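For reference, the structure discussed in these notes is given below.
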Ligand code: GDP
């Protein structure tokens, strides 16, 4: 079964655990034993039943295999399984990004419709960073509709309050969906709710499914392979790497950047098997018509016709997470490169999406910046090839920010 990861966003107490608990129950993934345990536990705490407690029994079972990316119990929808990644704060986002964890392409944001909850600054900041990290499909579940009397007006109020901001930070309108739900009562999760007849869309799980099934935009791009290095051998050197865009075929002439050598692909191996062609997402070992040497880590194998830009100046949007100093470095596809200069051009308020006119890097805000490096690297706008369009900025042992390259 194909597992799709979904970044689960939302302010504390807006109902993330309850939603997952209820979905586990409604899809039949939670056994009666688990549900009874959660009921008994709720009772012990003198609470009415909390579906969120179903997750705790999953968590106990999984402690041995937990990572920073703790993936909660999976929810199955037809031929897909959804693994929700909890991203409570920016530290986790950055840690995960550095460790190479992928957020997939989709996020589910929960916003409570309860009067004193609603849209928070942190919610917007989260959305802003998710977009920066390349998430381009978004489902917003407006939760606790039961408390709002299942009123369409309340749903529209939250939808309108967020729509403008969501578009401003770069989500395409067609890739964003709003669903009114009650996680606690299980309304509009797996079945269409009879209490919100005014809602003409599908229940949450179907919206997630349809969104996940939409074709990724990367399949059609020009070939980009990020090389991890070479496996030397007496007769034939193998170049290993991951295809992050396009496809590669035996016989194809490619260019290796920034070195600037051209070579012909003689053999392609994927998972130990020789193939004629490999596509985006696959790890490949390539035999070329010539030896390329040992300094290949972090280089890019590109199609001859459409190469990435080779630049030592990057125009980027940086989300500031630490102190900017005079000794900045960037980490870019596993290699470290020194910066000559990092120039802040303009501040961006991550809560409004507006430019601030500020020339200073403020913590937890974003800036438009110009980063000058000591040497040229192969880059691309991150909307075209994410991996060639983002970097981590640091100084000494401290991380200072995450950057996405915005244009040539
Ligand atoms: P999290 O911090 O986002 O994981 O939030 P929880 O799932 O722990 O929920 C916080 C509180 O909100 C709990 O007391 C839940 O019972 C309650 N809650 C969650 N969803 C709903 C809902 O749809 N309706 C109502 N009335 N309460 C809810």
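What follows is calculated from the coordinates using simple rules that are stated; it is not laboratory data. Predicted, not measured: the structure shown is a model, and the values here were computed from it. Ideal geometry is used to build each Cβ from the backbone, glycine not excepted, and the neighbour counts take in all protein chains shown.
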#### Entry: Ordering of 354-360, 253-259 by packing [mean C-beta count within 10 Å, highest first]
253-259, 354-360
### Summary
Given 343-350, 296-303, the highest-first ranking by average Cβ count within 10 Å works out to 296-303, 343-350
### Query
Which three lengths, in whole Å and largest first, does the chain cover when its Cα atoms are put on their principal axes?
69, 53, 39
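What is the mean projected area of the alpha carbon convex hull for the range 164-297, to one decimal in square nanometres?
For the range 164-297, averaging the hull's shadow over all directions gives 12.6 nm².
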### Query
If we sort 265-273, 306-314 on the protection proxy, mean other Cβ atoms within 10 Å, highest first, what's the order?
306-314, 265-273
### Message
Normalised by the empirical 2.2 N^0.38 Å for globular proteins, what value does the Cα Rg of the range 252-408 take?
### Response
1.20
### Message
Relative contact order for the chain: what percent, with Cα pairs under 8 Å and sequence separation of 6 or more?
### Response
12
### Query
Of all DSSP beta bridges located in the chain, what percent are antiparallel, nearest 5?
75
